[in-house]
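Some notes on the structure that comes next.
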Amino acid sequence: MLMAKYGLKWNLVVHKVSFFIITVLCFYLFTEITVDAKEAEPVSFNDIVVVLDCSQSMKDVDAGYASFDFAGSLSAIMPRDYRVGVIAYRDEVCISQPPGSSHEMIENALKEIEYANYGNAGAGLSAAVESFDQNAAAKRIILISDGEIMMKTEEGTQESAELFAQAVEKAKGEGIVIDVISLGQRMEEGYTVYSAADTTGGNLYELSDGGETGNFVRQLLFEQWRLKASHIGQINGLSGELTVRLPDCLMSTAKIILLGSQQNENMTLNCEADRIHTSKGSDYTVIELLHPSSDEVKIRMSADSPMDISAYLTAEYDFDLHGDYAYIPEEQTAYLKLEITNKNGQDMLEGHLKDGGMKVYLNDEEQTCRIADGAFRFSRQYVKDAVTDIRVSFDGLYGNYYGDAEETMQIIVPVIEEEPPKIDWFFWSVIGIFIAALLMILCLAYRQKKRTDGKRKFIDESRTRPGEITNRRSEFNGKLQIYVIHNKDEIDYPPESINLFARCNREMITLEWLLDTCNLPLNLRGAERIIIRPGDDRSLVIKNNSKASVLMGRELLMKGHAYHLYYGEKVTFIFDQEDTEIEVHYRDLKPNER
């Protein structure tokens, strides 16, 4: 009894613990799933819904079920960012394949029905409007009908027409465009579907019967919708061969589209790819090559009745952008490069893009790029850090490109530390040599001056007579003989003589006066400042106030001081600037010279 009691309690504890663990695990898993769902990025896509009138009256205008073929061709041809769905109606909706249904699903659904009963266009259009994904970038309905809304009873017909009008208004409010393809003669009475096109901004196409839908597919896709595809050839007659050259093998998918009358059971295909898938209809064949590895595709076809086929090529590329840059501080320039690869990492610039078809924009400004080392290269100046947006666009005729077309890069401008100025050794070497040469010249000049000063001793001031200033006025006596020892013009002047006693009746004379009186045109600067006047004991008093050097014998007279010159003595005047040396001899007059 006790064991049973404890066993019951133990089982209760085990159940509670198990419940707690399961609850925690469920919460954890649910949280993880929720986070993943929030992080998923929305995919941009366009939705197309083909609405087929499958009433009995359609047999009169589309006995070959070409409208079914039209819906199948759209689901096989359109690029991956277009999702195709099909709604078919008779008395009620009989087929409902929402956008995104595969070509096989649509084809299998269409095989199960045929034209019969009445046409409840209101139910069919209402179902089409409701089938769209609200996140679709663009929404379009293509309604194929003979134009009539007809039910078994008048009340039923009126109810369907009202439902049709409501669906049209709802489509208009939700931005859904409705195109109407009218087969057969246009109806002028009763309830019709034609107004849906004009109300929603769509187009109304009027075809005589379903047989024209084959050519209409070509016109709609390549002329009006401008689907990116290139025309690659024709196959005509009972048999034909077509060789298709792919621009490269970097694509994710290549589609070869064959449009026109054909009997495609007798078709052979020669190419290499990871997978080959073929979609066929009465007036179309779509050959889909997943990751083709050979750039040549050969198609052979034969038929019991003449073929009239136009061939087109379209491709899908998945790409990744990789941006990088190198900054040169000295130029304040960032050299940017942009690589584009497919999902396998292959350089797409090795394919058809190397010949153009791609534009690069930097902050919405188109760049002139060069291709080098597998990348687009261009440059831009930056003086400070900046965030740069790079965007690419493709304008090829046949390719559809899927990937993130924008790349954001942050340009970092490095801070340059100022380096100490470099020593210009050449400049300072020249300056040093110049200073050394200048010092050498100064030293030589000093030594020369010292040598000259040694030769030119200042005259002893004891020769000056202290009473010369206070003496009475004296008169000139004697005569002066003037010798031009040297002059800069190297002219030999004869000695000149002047009788001071006879010709000099003035208180003082200058060396300039002496030279002029003796007709010696030497023009010596400072000669007018060398003063000569009569002194005591028939001497001459000489005072040098100029920059010239005055010597008595080998003794140099001090500037600004007065000195006596006696009979039989000579004085030498040296003018360094004029490169002139003059000797003046003082002589006594002979008795006959007085």
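The values are calculated or read from the model by the stated rules, or taken from the named source; none is laboratory data. What you see is a predicted model, and the numbers here were worked out from it, not measured in a lab. All Cβ positions, glycine included, derive from the backbone under ideal geometry; neighbour counts span all protein chains shown. The accessibility values were calculated without ligands, DNA or RNA, using every heavy atom of the protein model including side chains. Shrake-Rupley method; radii C 1.70, N 1.55, O 1.52, S 1.80 Å.
Observations on the model:
- Residue that is surrounded by the most Cβ atoms within 10 Å (Cβ to Cβ) [pool: residues in region 413-444 that are within 30 Å of Gln381 (Cα to Cα) and among the β-branched types (Val, Ile, Thr)]: Val413
- Among residues of region 499-513, those that are surrounded by 20 or more Cβ atoms within 10 Å (Cβ to Cβ) and either part of a loop (DSSP other than H, G, I, E, B) or at pLDDT below 90 (or both), counted: 2
- Asp537 meets each of the listed conditions (1) in a loop (DSSP other than H, G, I, E, B); (2) surrounded by fewer than 17 Cβ atoms within 10 Å (Cβ to Cβ) apart from (1).
- Any hit, region 189-200, residues being loosely packed, with under 13 Cβ neighbours inside 10 Å and at pLDDT below 95: yes
- Test: residue in region 577-589 that is farther than 16 Å from Val484 by Cα and either under 60 Å from the mean Cα position of the chain (by Cα) or of a type outside the set (Asp, Glu) (or both): yes
- Some residue of region 153-169 being touching a Ser or Thr at 6+ places or on another chain (Cβ under 8 Å), farther than 20 Å from Thr199 by Cβ and not in a helix (DSSP H, G or I): no
- Residue in region 406-426 that is modelled with pLDDT under 90 and outside any loop (DSSP other than H, G, I, E, B) present: yes
- Positions within region 333-370 being without any contact (Cβ under 8 Å) to a residue 60 or more places away in the chain, surrounded by 12 or more Cβ atoms within 10 Å (Cβ to Cβ) and within 14 Å of the chain's Cα centre (by Cα), in sequence order: Thr333, Tyr335, Lys337, Lys359, Val360, Tyr361, Leu362, Asn363, Gln367, Cys369
- Filter pass, His585 being in contact with a helix residue (DSSP H, G or I) (Cβ under 7 Å, 6 or more places away or on another chain), of a type outside the set (Phe, Trp, Tyr), within 20 Å of Phe501 (Cα to Cα) and touching a residue at least 40 places away in the same chain (Cβ under 8 Å): no
- Filtered residue count, region 569-594, keeping only those that are open to solvent by 50 Å² or more (accessible area, probe 1.4 Å) and modelled with pLDDT of 90 or more: 4
- Screening the candidates Thr408, Thr388 for the property of being open to solvent by 80 Å² or more (accessible area, probe 1.4 Å) and touching a Gly at 6+ places or on another chain (Cβ under 9 Å) yields one hit, Thr408.
- Of residues in region 161-188 being acidic (Asp, Glu) and farther than 22 Å from Phe68 by Cα, the one least open to solvent (accessible area, probe 1.4 Å): Glu174
- Near pairs, Cβ below 9 angstrom, 6+ apart or cross-chain, from region 515-528 (farther than 17 Å from Asp492 by Cα) to any residue that is open to solvent by 40 Å² or more (accessible area, probe 1.4 Å) and part of a loop (DSSP other than H, G, I, E, B): Arg525/Lys547; Arg525/Gln577; Gly526/Asn545; Gly526/Lys547; Gly526/Gln577
- Any hit, region 435-451, residues being under 55 Å from the mean Cα position of the chain (by Cα) and modelled with pLDDT of 90 or more: yes
- Screening Tyr312 against (1) part of a strand (DSSP E or B); (2) modelled with pLDDT under 95; (3) open to solvent by 20 Å² or more (accessible area, probe 1.4 Å) leaves a single unmet condition, (2).
- Taking every residue in region 373-384 that is within 11 Å of Ile411 (Cβ to Cβ) and pairing it with any residue that is open to solvent by 60 Å² or more (accessible area, probe 1.4 Å) and of a type in the set (D, E, K, R), at least 6 positions away or on another chain, the pairs with Cβ-Cβ distances below 8 Å are Gln381/Glu331.
- Among the residues listed as Tyr563, Tyr483, the single one being open to solvent by less than 50 Å² (accessible area, probe 1.4 Å), among the aromatic types (Phe, Trp, Tyr), over 23 Å from Pro591 (Cα atoms) and not in a helix (DSSP H, G or I): Tyr563
- Lone unmet requirement of (1) at pLDDT 95 or above; (2) assigned to a loop (DSSP other than H, G, I, E, B) for Ile287: (2)
- Qualifying residue in region 285-296 (condition: in contact with a strand residue (DSSP E or B) (Cβ under 9 Å, 6 or more places away or on another chain), surrounded by 22 or more Cβ atoms within 10 Å (Cβ to Cβ) and of a type in the set (Ser, Thr, Tyr)): yes
- Condition met for Leu321 (open to solvent by less than 30 Å² (accessible area, probe 1.4 Å), within 30 Å of Met358 (Cα to Cα) and not in a strand (DSSP E or B)): no
- Ala167 being at pLDDT 95 or above and in contact with a Leu (Cβ under 6 Å, 6 or more places away or on another chain): yes
- Index of the failed condition, Lys111 passing every other in (1) open to solvent by 30 Å² or more (accessible area, probe 1.4 Å); (2) farther than 21 Å from Asp69 by Cβ: (2)
- Check on Lys139, outside any loop (DSSP other than H, G, I, E, B), open to solvent by 10 Å² or more (accessible area, probe 1.4 Å) and either on the phi > 0 side of the Ramachandran plot or in contact (Cβ under 8 Å) with a residue 60 or more places away in the chain (or both): yes
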